[in-house]
Amino acid sequence: MGLTDAALRGWFQPKTGELFRGFPVGVDDVVADVGCGDGSNAAFCARTGASVILVDIDSASIEKATARVHPIGDAYVKSFVSDCAPLPLADGSVSRVVCTEVLEHVDDPKTVMAELVRIGRPGALYLLSCPHPSSETLQKELAPPEYFQKPNHIRIFEVEEFVELARGSGLEILETDTYGFFWSIWWGLFWKTESSLGDVSHPLMHAWEKFWRQLLDLPGGVDVKHALDNLLPKSQLIIARKP
């Protein structure tokens, strides 16, 4: 359900080769996925024929992401375990930089942003995201204390603060967006049902996914989704370009 919801907002568009609407990736691109996690973004990019560089501070995540991306066609993949300060990549070496749900975890976002900008070629596109303050305010009421402790979220970016972080690093902002009402509620229920990521089997979790699927199937249901995405988004997103 989460993948369907994401695609309706603009993620993972195979027909146009856009990782997110307005962020095309193709065979001529070298993509650095910084904070790659499980490799879902990198896997999409590999399917477009792009070369992919995986970077994450967690060696287990790198192992899983590499195993996920390597089998995709003729994908060219490099992998690095790094805290991003500095990144183990040369100046101007990539044409696409993806950094999603990472900057809220790091001690010095400006230093990390400077590194992201350094590795991009002139004209490189950037896809950046972090949690939206409205959803984080909800999680403050519902999540356990460790949600806002290292190595998890150690800061909340206000919308203009996030934009200024990108702009202040020298990037040109092309588009901003929000998404993920489904996930804002999903995580709230997750905490309160005491579920685990290895076993999300509580009836209420299934009921939420069923409700959301039924809503999206209604005439005008997607319009309701978009309105709720704007009201209580899980994340905020920036597409930017390096001059």
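Go ahead and set up a Gaussian network model of the chain, Cα springs under 10 Å, then flag whichever of Lys78, Lys210, Lys110 fluctuates most.
Evaluated over the chain, the most mobile residue of the options is Lys210.
Grab the chain and count how many Lys pairs have their alpha-carbon atoms under 20 Å apart, sequence gap of 8 or more, or different chains.
12
Given a 10 angstrom Cα cut-off, can you work out which residue in Glu164, Glu146, Glu101 is the most mobile in a GNM of the chain?
Per the Cα network of the chain with a 10 Å cutoff, Glu146 tops the list.
For the chain, set up a GNM with springs between Cα atoms under 10 Å and report which of Val102, Val34, Val200 has the largest fluctuation.
It is Val200.
What percent do you get for the relative contact order of the range 1-70 when only Cα pairs under 8 Å and 6+ apart count?
On the way: 107 pairs, mean separation 18.1, N = 70.
About 26 percent, as a whole number.
Show me the three semi-axes of the equivalent ellipsoid for the chain, from the C-alpha gyration tensor (sqrt of 5 times each eigenvalue), largest first, rounded to whole Å. The partial results should precede the final answer.
Numbers: eigenvalues 160, 83, 70 Å².
The three semi-axes for the chain are 28, 20, 19 Å.
Based on Cα coordinates alone, diagonalise the gyration tensor for the range 33-124, multiply each eigenvalue by 5, take square roots, and list the semi-axes in whole Å, largest first.
So the three semi-axes of the range 33-124 are 20, 16, 10 Å.
Residue by residue through the range 97-111, which ³J(HN,Hα) values in whole Hz follow from phi under the Karplus form 6.51 cos²θ - 1.76 cosθ + 1.60 (θ = phi - 60°), with glycine and proline marked x?
Karplus values, whole Hz, x for Gly and Pro: 10, 10, 9, 10, 6, 10, 5, 6, 9, 8, 5, 9, x, 5, 5.
Between Glu175 and residues 5 or more places away or on another chain, which pairs have amide H atoms under 5 Å apart, with H built 1.01 Å from N, and which residues are they?
Result for Glu175 returns Ile239.
Under a Cβ-Cβ cut-off of 12 Å, what is the net charge of the residues other than Gly221 that fall near it, where Lys and Arg count +1 and Asp and Glu count -1?
Net local charge, Gly221 excluded: -1.
Name the long-range amide H neighbours of His132: under 5 Å, sequence gap of 5 or more, or other chain; modelled H, no Pro or chain starts.
Ser235, Gln236
For the range 1-51, compute Rg over Rh where Rg is the Cα radius of gyration and Rh is the Kirkwood radius from the inverse mean 1/r over Cα pairs.
0.95
Report the GluC sites (Glu not before Pro) located in the range 167-213 that are in a DSSP loop and have at most 14 other Cβ atoms inside 10 Å of their Cβ, or state none.
Within the range 167-213, the qualifying GluC sites (Glu not before Pro) (loop, at most 14 other Cβ atoms within 10 Å) are Glu194.
All of the numbers you see were taken from the coordinates with simple rules; none came from a lab. Owing to the predicted nature of the structure, the values given are computational and were not obtained by experimental measurement. Ideal geometry is used to build each Cβ from the backbone, glycine not excepted, and the neighbour counts take in all protein chains shown.
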